[in-house]
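The structure under discussion appears below in the form of structure tokens.
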Amino acid sequence: MSCGDIPDGLATEEQGEALMPRRVKVQRFDKSKCQKCRTSKSMYIIRNVTYCKSCFESSLFTRLQRTLHPAMRSTTLTPSEMKNKSLASIGGNRPLPQDGSVLIGLSGGSSSIALTDILVSKEYIGKGDKRVVDRTKGEKQPVWNKGYIIHVDFSDVIEGSNKEEDRSGVLKNWIEDKEHGLGWIGLKGQDVYDVNLRNKIRRIIGIPELDDGEEKESLAIDLKNPDLPLFPDAPSSSSSTPLDRLRSILSTLPAASRPSFLSSILDSLTTTTSQIIPDLSHVLLAETSTRQAQRLISGTALGKGYTLPLDLSVIHKSSAPNGRDIIRLKPTKDISLKEVTIYTHLKGLNGLVRNARNWDNAGPQNRKGDSRGKGNTRSLESLTEQFIASLAVTHPATVSTINRTGDKLRFTGEKKESQVECPVCQLPVDPNALEWKSRTALTSLPTKALPSKDISTDGEGRESLATMLCYACLTTFTPPTVVSKASRTEVVPVQLPYWVGGNVRDRRREMKEEVKEFLIDQDDE
């Protein structure tokens, strides 16, 4: 085949087939112009597409809508309707007004600040006055009548050179300056050891306090024993402060396990708050696609593969004690960290943003064996963040490729009614997690004595927490492989947070109900 030099229109049919087809002209865009409006000067490049300021903001909001709107509409459809429709096909316009209020997690990072600013500026959240809007004047009907902001501060447990000051006051002033009626709920990480946590939250949101006597049960645990035996709460803990108790358990945990434990504390405080707020219908978390990719890689390495589909899903439905459904959404799942950072820069919010959590610096520092990797990195989470951030610079499709793989994951567990939840992360427990870990990990040297057949208790007959945990939490609480002999013989229990003790109590109650009909009463003997 050759290009030939036959003039156009003069070639025969056979000659035309023999000629090489001409290359189609590709229209080249001027990179100095916005490829969306074709008139304004380009300012930003996102996925090889140039945007001006106004077009970038419009594109960001459009992709936020494509995630938020279908997720909200899908929760109101029946299973048969969902089977015949995809999330993309049920997006549409602005969702209908919801019956309840919304809780937004505000960490102080660029993603949570951007999400809060967008929802307020686009009038998705009302002021709580149930005012009737006038559509003839261009007013928009709020999706939620009332909004709450929750911020959890961990600055008291961050030590070393990266210690930060409490930024709750700065973020609270920013929320109040909006004058949008948003309720501020500021908590601290050590509040999980506060007996009156629920009443504290009630006082903040302005509802009557109640007596939560059952929630005061606390347990202690020996983290140096691989069996994780449980003890009654130590008497000395009554005189210590909640901050002292949190620092105590952090100092006992391996340095690599502390970020995972702090993440469980954050989830617990958010869940507890959502259950207390009256008429709450949705919880919004600002997790970007970059953060989702990091959680997928690090979660797989930490043994969270069984519940990873639930943890990464856009929609997660849970039930409050009063029976109402609370839906947790992630509207920024398809937006990258770079994009929300550009948005905060456009809005002049860079002074508020602090993306670094510094959870690797939680607990005592400068101990032998604490430093791992470059820059004193101690956890897999931080290593994964650094790896993906550096790889995405030269390979921009890294984050999207990882997330497309994560979207294919499906939870294979049982139905929710029959699920057994982990008392720490409150996610379904993968079956035979303890047996799997005993076959794949060496936690202690074998002895001449035969192992106990009852794995629900340790050698002294104490109840074991290890049998109740999922594989990931079991790995988090398992002591290091190398532990001195003196440390193993010394038993120093540390107090567990109150939410863990309450979940252990509920598990005992469920187990008693399961075997109740098989028990023999004393009157029948």
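The values are calculated or read from the model by the stated rules, or taken from the named source; none is laboratory data. Quick caveat: nothing in here was measured; it's all calculated off a predicted structure. In this analysis, Cβ positions are derived from the backbone assuming ideal geometry, glycine residues included, and neighbour counts consider all displayed protein chains. Ligands, DNA and RNA are excluded from the accessible area calculation, which covers all protein heavy atoms including side chains. Shrake-Rupley method; radii C 1.70, N 1.55, O 1.52, S 1.80 Å.
Do you know which residues across segment 112-146 are surrounded by fewer than 15 Cβ atoms within 10 Å (Cβ to Cβ) and among the acidic types (Asp, Glu)? The answer is Asp129, Asp134, Glu139. Scoring Val340 on the criteria (1) part of a helix (DSSP H, G or I); (2) within 16 Å of the chain's Cα centre (by Cα); (3) of a type in the set (A, V, I, L, M, F, W, C) leaves a single failure, condition (2). When Met82, Met72 are checked against the criterion of being buried (at least 19 other Cβ atoms within 10 Å of the Cβ), closer than 17 Å to Val314 by Cβ, modelled with pLDDT under 85 and of a type outside the set (Ser, Thr, Tyr), Met72 stands alone in meeting it. Residues that are open to solvent by 30 Å² or more (accessible area, probe 1.4 Å), modelled with pLDDT of 85 or more and among the hydroxyl-bearing types (Ser, Thr, Tyr) within segment 306-361 comprise Tyr306, Ser313, Thr341, listed in sequence order.
Restricting the search to segment 286-305, which residues are surrounded by fewer than 20 Cβ atoms within 10 Å (Cβ to Cβ) and assigned to a loop (DSSP other than H, G, I, E, B)? Passing the criteria: only Gly305.
Hey, can you tell me all the residues within segment 105-149 that are within 16 Å of Asp279 (Cβ to Cβ) and touching a residue at least 24 places away in the same chain (Cβ under 8 Å)? Once the filter is applied, which keeps residues that are within 16 Å of Asp279 (Cβ to Cβ) and touching a residue at least 24 places away in the same chain (Cβ under 8 Å), segment 105-149 yields Ile125, Gly126, Lys127, Gly128, Asp129, Pro142, Val143, Trp144, Asn145, Lys146, Gly147, Tyr148. Taken over segment 104-127, the criterion of being under 20 Å from Gln141 (Cβ atoms), in contact with a His (Cβ under 7 Å, 6 or more places away or on another chain) and part of a loop (DSSP other than H, G, I, E, B) is satisfied by Lys127 alone.
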